[in-house]
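**Q** I'd like to ask you about the structure that follows.
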Ligand SMILES: CC(C)(COP(=O)(O)OP(=O)(O)OC[C@H]1O[C@@H](n2cnc3c(N)ncnc32)[C@H](O)[C@@H]1OP(=O)(O)O)[C@@H](O)C(=O)NCCC(=O)NCCS
């Protein structure tokens, strides 16, 4: 597996991973790619990738992308689900279904944090549904709960 910086041509793959993240639970009706990208509250995580300040990493296996994690800054006027402040970018992460549970997600998180530090980012935020096992990964990687985003989700922050 190779971890590399996400480039402008990775926009479609990041969109795939955003769709995977939105549809993390098999208990809910799947939202189509079109719907995820068209709805402002989900589509804005990848719209116009890359925008100024965006930072991402992609995991490649044999030249094929299998996972991605990226950061995007939001404003108080157009906040992400995990918004805490305009100078704190929000994390999105997704791994292709066939590659989950093999350490790709943890490796992506760590690689992204390294790049974020180099870019001068001091904190990263995210929103996660409490039932999603991803929350355990975030806790293990040093993210702390800073509040409830909704009845089902928590906002978490990692200080780099
Ligand atoms: C969440 C996600 C990015 C994690 O990536 P991954 O490559 O599957 O995770 P890893 O293999 O690096 O596992 C890291 C930790 O997650 C947990 N984990 C992984 N797979 C798990 C599973 N099937 N059940 C329970 N916990 C699991 C474990 O705590 C694991 O730690 P360990 O290695 O010490 O056991 C990935 O599973 C995914 O894309 N899921 C769907 C989209 C999603 O939920 N995105 C996040 C939205 S907030």
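Read the figures in this text as sums done on the coordinates, not as results from a lab. These numbers were taken from a predicted model, which means no experiment stands behind them. Cβ placement follows ideal geometry from the backbone for every residue including glycine, while neighbour counts extend to all protein chains displayed.
**Q** Within segment 124-147, how many residues turn out to be touching a helix residue (DSSP H, G or I) at 6+ places or on another chain (Cβ under 8 Å), over 12 Å from residue 106 (Cβ atoms) and either assigned to a helix (DSSP H, G or I) or touching a residue at least 60 places away in the same chain (Cβ under 8 Å) (or both)?
**A** 1
**Q** Against the definition (under 25 Å from residue 2 (Cβ atoms), within 16 Å of the chain's Cα centre (by Cα) and surrounded by 17 or more Cβ atoms within 10 Å (Cβ to Cβ)), how does residue 109 come out, yes or no?
**A** Yes: the conditions hold for residue 109.
**Q** Also, quick follow-up: Can we say residue 134 is near the ligand (Cβ under 10 Å from one of its atoms) and exposed (fewer than 13 other Cβ atoms within 10 Å of the Cβ)?
**A** For residue 134, the condition - near the ligand (Cβ under 10 Å from one of its atoms) and exposed (fewer than 13 other Cβ atoms within 10 Å of the Cβ) - is not met.
**Q** Please go through segment 40-70 and pick out each residue that is more than 22 Å from residue 113 (Cβ to Cβ) and either buried (at least 22 other Cβ atoms within 10 Å of the Cβ) or under 17 Å from the mean Cα position of the chain (by Cα) (or both).
**A** 40, 41, 42, 43, 44, 47, 48
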